[in-house]
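Trainee: Here it is: the structure, laid out below.
Throughout, read-outs are computed from the coordinates displayed, never taken from laboratory work. Every value quoted in this text rests on a predicted model; they were computed, and no experiment measured them. Neighbour counts run over all protein chains shown; Cβ positions are idealised from the backbone, glycine included.
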Amino acid sequence: MKLIFLYISVLLFSACHTSRNAMSLNAWNGGKDSSIVVTPPRDAIGEFSPSTLIISYDAQVGKQPLLDAIKACGAQVIYDYKMMSGMAIKKPDNMTLDEAIAHFSKVKGVTHVARDRIIRLTDPIRPPVVDR
């Protein structure tokens, strides 16, 4: 009896797992039914804000050099993260996103500059891409 229950449980779990993956694939594939496994390209996994950067800085150095650089180039602080040493900023209008990343990467104490990823609640859940 226990063996039958275990077998049925495994079948049900497998069916649910397959349906969830198919639903994610169908959502990514424009709702078209597909029996072919398709791996979405890396750039289709997320989109980024066209004007927002997330900047981390060394707490020992402090945020003043970053604030001075933000003011000097005409950028704007959107959010100052209190629990971690970081800020979200709106890039200045006279710079591209890549120019702003390069500019803020050179500021004293800045440890990391990244684009702000947009994540919607309706986006399918995907495992992280791991390069080996």
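Trainee: Summing Lys, Arg as +1 and Asp, Glu as -1, what charge do residues with Cβ under 15 Å from the Cβ of Ile55 carry, Ile55 excluded?
Mentor: Details: positive: Lys63, Lys71, Lys82, Lys90, Lys91, Lys106, Lys108, Arg115, Arg117; negative: Asp58, Asp68, Asp80, Asp98, Glu99, Asp116.
Neighbour charge sum, excluding Ile55 itself: +3.
Trainee: Fewest first, what order do Thr96, Thr52, Thr122 take by the number of other Cβ atoms within 10 Å? Let's see the in-between values first.
Mentor: On the way: Thr96 10, Thr52 20, Thr122 6.
Ranking Thr96, Thr52, Thr122 by Cβ neighbours within 10 Å, fewest first, gives Thr122, Thr96, Thr52.
Trainee: Note the full-extension length gain between Ile78 and Arg117 as 0.36 nm times their separation in residues minus their Cα-Cα distance, in nm to one decimal. Write out the running numbers ahead of the final one.
Mentor: Values: separation 39, 0.36 × 39 = 14.04 nm, distance 1.47 nm.
The span from Ile78 to Arg117 would gain 12.6 nm if fully extended.
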